[in-house]
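Beneath this line is the structure, given in structure tokens, with notes to follow.
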Amino acid sequence: MSVQKFYITTPIYYVNDEPHIGHAYTTIVADVLARYHRWQGHQVFFLTGTDEHGAKVAEMAAKNNMTPKQFCDQNSGYFREAWQLLNIANDYFIRTTDAQHEQAVVEIFQKLYAGGFLEEREYQGSYCVGCEKFLSERDLVDGLCPDHKRLPEVITEKNWFFKLEDFLPQIRELISSDQIKIRPESRKNEVLGLIKEGVLTNFSVSRQKNKVSWGVTLPFDQDQVSYVWVDALSNYITAIGYPSKMEEFNQWWPCEVHLMAQDILKFHAVYWPAILLALGLPVPQSEFIHGFFTINGQKMSKTIGNVIKPKDLVSRFGADATRYLLLSQFPFGQEADIREDLFTERYNSDLANGLGNAVARITNLIEKNDIKIDWSKISLPDSQQWATERQKELAEYRFDLVLNAINQRLKNNVDTYLSEKKPWKMSAGPELDQVLGVVAVEIKLIATWLLPFMPQVAQQILDIFAVEKIVKAPILFPRLDLNS
Ligand code: MSP
């Protein structure tokens, strides 16, 4: 039997922004899934990267007295550093300025052109350099871009358009039949609604080079450069070898899941499958869309000054706890508000007083009583059933439920069990061996399930219990002062 494969992607993040916890959230989830599938013995390819072309990047680079390339190198580096800090084990990091990607984009454009999927059209639109997109009348507030509070530029120019409309009936069918499985269900309905409303039209895929020069020149029109979506979306196939290494490509494509927040749902659920169909390639198997979160009730923004960077959280809580805190507090998929004050509370209750304290207590008792655990003698009657339930939750992307179930198990089967049995009052003998053996096996089960979520500390716990003579564990999660 061949090994099951699992190809998972995050969006590639705009390099004009520094990594913040919105980006980190998607990336951590992808990492948890990747680690979980590796643990299940699947062949995993986990892709993330940076989106580097466009007017905004060129504009920001100039402001910083850098060439676009220098600016991209620097900022793409910030993303890589952030992912390292968070222990993200991606298999590849793509940059849209990689020579291999740029060459592949040229070939993709050539194929789309040769296949008759592009048309030249006059384009007029209100373009916000900040958003790097054309805004519709509906998007504007008092004539301004609501995000950047600036007047969009009115641009009229000849561009190449991708003939999206020809594909819409087919895409609608693929989505409604779950051949492209869009989840949560509400997002699937949202996309089907967009298609039905008729608001999705042929879209422009290029810009005049004299306006936007930081991009890939089209092979059939030297005056135009690629514009955003064909260049960006195609990273998912160029990263695995399309079109030059087709054997490697066919090994991974189609991907099992694209992860993203709702802001780019339309592009992934409609534009991207259409581009793939035009290239004669299979469509993605599934796309999972999570909510945008706000910070203390407000949108995260530089102007408000409430942007939380991954490195700030890591320096306070450590990588494992940061991952835990971001994933445990609300259901993936829903919009949620992050309350910074609750982070410390949650850290202290679940990790310092919960898991960390339990490990310290148990290992202390084992060391004091000089217990040698005979692992083969202890089995937990419900562990199989419990694992099956967690697997189901993971299949539905309910990381919060998995983590809550782990906490609950720790409370019931370790904390409460110990308070009832009171091993500290027992004298040496089979009963004491049994009680401490049971809690040790419980902790091992819990740590094993925590491996994808908190890889370092979970491995540390497993290592503590892996030796013949177990000794008291160090402090895994130092308690934090609520007011500092
Ligand atoms: N470059 C495009 C994507 C191209 S993919 C082919 C882009 N980049 S982005 O830097 O703006 O990142 C968008 C993604 O970052 C979202 O889809 C989401 O995964 C994540 N998030 C950004 N802000 C977020 C929140 N406030 N909350 C949750 N996730 C957020 O769009």
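Just a few scattered comments:
- Each Lys and Arg contributes +1 and each Asp and Glu -1, all at the Cβ; summed about the Cα centre of the stretch 137-292, the dipole is approximately 100 debye.
- Residues whose placed amide H lies under 5 Å from that of TYR14, excluding near-sequence neighbours: ASP51
- By other beta-carbon atoms within 10 Å, ranking LYS63, LYS472, LYS299 with the fewest at the front produces LYS63, LYS299, LYS472.
- Charge dipole of the stretch 103-189 about the Cα centre (unit charges at C-beta), most positive-ward option of SER177, VAL154, CYS128: SER177
- Pairwise FRET efficiency - GLU247 versus GLN334, Cβ, R0 = 35 Å, nearest 0.05: 0.30
- Anisotropy class of the stretch 118-276 from Cα gyration tensor, a/c 1.5 cut: oblate
- Note, ³J(HN,Hα) from phi for the stretch 100-107, Karplus 6.51, -1.76, 1.60, rounded to Hz, x at Gly and Pro: 5, 5, 4, 4, 5, 5, 4, 5
- Estimated FRET transfer efficiency when R0 is 25 angstrom, pair LYS372-GLU420 (beta carbons, to 0.05): 0.55
- Integer Hz, Karplus 6.51/-1.76/1.60 couplings in order for the stretch 364-371, x for Gly and Pro: 4, 4, 5, 5, 4, 8, 6, 8
- Long-range HN-HN contacts of PHE45 with modeled amide H, under 5 Å: PHE6, TYR7, ILE8
- Whole-Å semi-axes of the stretch 329-454's equivalent ellipsoid (Cα gyration tensor): 30, 18, 10
- Distance between the stretch 222-254 and the stretch 267-333 - C-alpha centres, whole angstrom: 22
- For the stretch 352-362, Karplus couplings with θ = phi - 60° (6.51, -1.76, 1.60), whole Hz, Gly/Pro x: 5, 7, x, 4, x, 5, 4, 5, 5, 4, 5
- The chain - percent relative contact order, Cα under 8 Å, separation 6 or more: 15
- Built amide H within the under 5 Å cut-off of LYS158, gap 5+: TYR123
- Using C-alpha pairs below 8 Å separated by at least 6 residues, the relative contact order for the stretch 115-201 is 28 percent.
- Summing +1 for each Lys or Arg and -1 for each Asp or Glu among the other residues whose beta-carbon sits under 14 angstrom from that of TRP39 gives +2.
- Cα gyration tensor shape of the stretch 211-252, rounded if a/c is under 1.5, else prolate or oblate by comparing a/b with b/c: prolate
- Look at where the Cα atoms of the stretch 461-480 and of the stretch 166-182 average out, and the two centres are 51 Å apart.
- Anisotropy class of the stretch 1-109 from Cα gyration tensor, a/c 1.5 cut: oblate
- For the stretch 91-154 versus the stretch 371-425, the gap between their alpha-carbon centres in whole angstrom: 50
- Annotation: cysteines of the chain without a disulfide-compatible partner (Cβ-Cβ under 4.7 angstrom) are CYS72, CYS255.
- Straight-line cross-link partners of LYS302 among the lysines, defined as a Cα under 29 Å from its Cα and at least 8 positions apart when in the same chain: LYS56, LYS63, LYS69, LYS133, LYS149, LYS211, LYS266, LYS311.
- Seen from ARG409, the other residues with C-beta closer than 14 Å to its C-beta sum to a net charge of -3, counting Lys and Arg as +1 and Asp and Glu as -1.
- For PHE161, the shell of other residues with beta-carbons less than 9 Å away shows a net charge of 0, using +1 for Lys and Arg and -1 for Asp and Glu.
Quick note: the coordinates plus some simple rules give every number you see, no bench work behind them. Source: prediction; values computed, not measured. Virtual Cβ from ideal backbone geometry, glycine too; neighbours counted across all protein chains shown.
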